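Take a look at the structure set out below.
The values are calculated or read from the model by the stated rules, or taken from the named source; none is laboratory data. This is a predicted model, so every value here is computed, not measured. Every residue, glycine as well, gets a Cβ built from its backbone with ideal geometry; the counts of neighbours run over all protein chains shown. Protein only, heavy atoms only, side chains kept; ligands, DNA and RNA dropped before computing areas. Shrake-Rupley method; radii C 1.70, N 1.55, O 1.52, S 1.80 Å.
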Amino acid sequence: MTKTMAEHISVMLNESVDMLVTDTNGLYVDGTFGRGGHTRLVLDRLDQGRLLGFDKDPVAIGYGESLEQEDSRFSIVQDSFANMAEHINAVFGVDRVDGVMMDLGVSSPQIDDAERGFSFMNDGPLDMRMNPDKGLSAAQWIATVGEKDLADVMYQYGEERFSRRIAKAICEYRSHTPILTTLQLSKIVAEANPAWEKGKNPATRAFQGIRIHINNELGDLEVGLDAAAEALKVGGRLAVISFHSLEDRIVKRFMKLKAKGPELPRHLPIQNAHLDIKFKTVGKAIKPSQSEVSENVRSRSAVLRVLERVSD
Ligand SMILES: C[S@@+](CC[C@H](N)C(=O)[O-])C[C@H]1O[C@@H](n2cnc3c(N)ncnc32)[C@H](O)[C@@H]1O
């Protein structure tokens, strides 16, 4: 296990990079640079190969720019991995690459820095944006969103079953006092939440839902998976690490669709054997080892899935 640049412990580092790198002179993409843990190991494995990193977060980009100075095979771009196609072309001068890595969600330093507004444990401005220069902060969104939409976000993206009650409490509170800090929100949620789950902060699900909405995480994932699969050369691989069931469901369905085609009713004359399948899944879903989970609790829900292009 490597602790990268002080604060983030990379999850399933060797497992994912072993799966990803098939050509030491190839072109690679790290869609979620973070603190560069996966990127550095990929670069260690490469000879003349190159790697293009993405992150939305300006602090992560700062780390990426330092690495650009150290290693000329590496470039970093501040954008969503959903937009990878145009940058791959601009940086590498071609459209196809040998591998794309995605290690989804937020990094530990994003959560740990109270000023970023992701934490329900430490007080800070209610922001939650991976890129604080783009879009609405959580505080701005919560100030104006309709009660039903707020409940839907917490229900769909946070799987919070008391979303309606919690949304009502938030809307009542904001009618007399603006909600501007993380602890303000977590207290309102905790008071409105009638069934605290054992070992879980009562604001966990509401915060997850709002964070996913604010950063369009699932929308970017759907677009990014398509962009990554499109960008793969024959033999190229897409390795994705997800951290919760909503993400993993999207990744699993996407890879199954690519590798097996759509599920067709049995009585139809066309069967999947006749469809133009260009991908295969590589192995089964991989989970972190027991020793990794005991050393890094954040890894406990992680799932790694790999897709490979087999024809053009
Ligand atoms: C779990 S961390 C990645 C950690 C990294 N693999 C490492 O070992 O240091 C996820 C990172 O991806 C970034 N991120 C999440 N979604 C993104 C997206 N759609 N496009 C670009 N970056 C994204 C976050 O800002 C965060 O820095």
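When only residues in the range 228-245 that are open to solvent by 20 Å² or more (accessible area, probe 1.4 Å) and not in a loop (DSSP other than H, G, I, E, B) count, which is farthest from the ligand (Cβ to nearest atom)? I'd like the intermediate steps shown before the answer.
Filtering the range 228-245 down to residues open to solvent by 20 Å² or more (accessible area, probe 1.4 Å) leaves 230, 233-235, 237, 243-245.
With not in a loop (DSSP other than H, G, I, E, B) added as a condition, the list becomes 230, 233-235, 237, 245.
Numbers: 230: 16, 233: 22, 234: 26, 235: 23, 237: 16, 245: 17 Å.
Applying the filter and picking the extreme gives 234.
Select from the range 38-51 the residues that are over 23 Å from residue 132 (Cβ atoms) and either open to solvent by less than 10 Å² (accessible area, probe 1.4 Å) or assigned to a helix (DSSP H, G or I) (or both) and list them in ascending order.
Correct list: 38, 40, 41, 42, 43, 44, 45, 49, 51.
Run down 233, 200 and say which single residue is in the same structural domain as residue 146 (by TED's automatic domain parsing) and not acidic (Asp, Glu).
Only one candidate passes the filter, namely 200.
Can you pull out the residues in the range 110-133 that are away from the ligand (no atom under 14 Å from the Cβ), part of a loop (DSSP other than H, G, I, E, B) and open to solvent by 20 Å² or more (accessible area, probe 1.4 Å)?
Of everything in the range 110-133, those that are away from the ligand (no atom under 14 Å from the Cβ), part of a loop (DSSP other than H, G, I, E, B) and open to solvent by 20 Å² or more (accessible area, probe 1.4 Å) turn out to be 120, 121, 122, 123.
Going through the range 83-102 one residue at a time, which ones are in contact (Cβ under 8 Å) with a residue 12 or more places away in the chain, open to solvent by 20 Å² or more (accessible area, probe 1.4 Å) and within 14 Å of the ligand (Cβ to nearest atom)?
83, 85, 87
When you look at residue 28, is it open to solvent by 10 Å² or more (accessible area, probe 1.4 Å) and not small (Gly, Ala, Ser), yes or no?
On the way: open to solvent by 10 Å² or more (accessible area, probe 1.4 Å): no; not small (Gly, Ala, Ser): yes.
When the stated conditions are applied, residue 28 does not pass them.
Can you tell me which of 79, 71 is within 8 Å of the ligand (Cβ to nearest atom), surrounded by fewer than 19 Cβ atoms within 10 Å (Cβ to Cβ) and in the same structural domain as residue 229 (by TED's automatic domain parsing)?
On the way: 71 fails: within 8 Å of the ligand (Cβ to nearest atom).
Matching residue, one of 79, 71: 79.
Restricting to the range 276-301, what's the tally of residues that are touching a residue at least 12 places away in the same chain (Cβ under 8 Å) and either in contact with a helix residue (DSSP H, G or I) (Cβ under 8 Å, 6 or more places away or on another chain) or exposed (fewer than 14 other Cβ atoms within 10 Å of the Cβ) (or both)?
Count: 15.
Sort out which residues of the range 134-168 are closer than 23 Å to residue 250 by Cα and buried (at least 16 other Cβ atoms within 10 Å of the Cβ), and write them in order of number.
Selection gives 150, 151, 152, 153, 154, 155, 157, 158, 160, 163.
Against the condition in contact (Cβ under 8 Å) with a residue 60 or more places away in the chain and open to solvent by 40 Å² or more (accessible area, probe 1.4 Å), how does residue 207 come out, does it pass?
no
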